[in-house]
Amino acid sequence: MNGQSGVTIEDVRRVAELANLELTQEEEPRMQRDLNAILDYVAQLNELDTSDVPPMAQVGEILEGGAVHSHGETLRGDRVQPCIDRAEVMSSAPETDGRFFKVPKVIER
């Protein structure tokens with residue numbers, strides 16, 4: 001985070017600010033400890049030799065209708081389809097300028 005080894009309380013405060021989280025003074029050391037534990041675990045994983053492991057596009061199995069598919073054979077093929085008519089979509093929108101949806105502001109800073 002800041003070039004030193006491990007996460008500092010200042011790093012925790014900066015991440016909390018960026019994530020718009022309000023941490024109490026009691027929560028900050030716990031978050032610092034948890035983030036350092038995560039980074040330590042990632043460091044352990046980075047020590048593994050993965051040179052013989054083939055790259056994966058999907059890290060987990062795909063579940064569809066209770067069946068397990070591990071090779072992506074259930075994925076839909078790419079094909080060109082016509083777009084939905086913008087005027088039709090905008091006509092059913094609660095508020096629009098004719099080209100874009102208008103939505104209320106949700107982030108306050």
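Each reported figure results from applying straightforward, stated rules to the coordinates on display, with no laboratory input. Bear in mind that the values here come from a model prediction, so they are computed numbers and not experimental data. With ideal geometry, Cβ positions are generated from the backbone for all residues, glycine too; neighbour counts draw on all protein chains shown.
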Query - VAL80 versus ALA93: modelled label distance in nm, points set 7 Å from Cα along the beta carbon direction - result: 2.6 nm
Query - Label point distance in nm, LEU18-VAL106, each placed 7 Å from Cα along Cα→Cβ - result: 2.1 nm
Query raised in the report: So who's got an amide H within less than 5 Å of the one on THR96, skipping anything under 5 residues away but keeping other chains? H placed 1.01 Å off N, in plane.
Result: LYS102
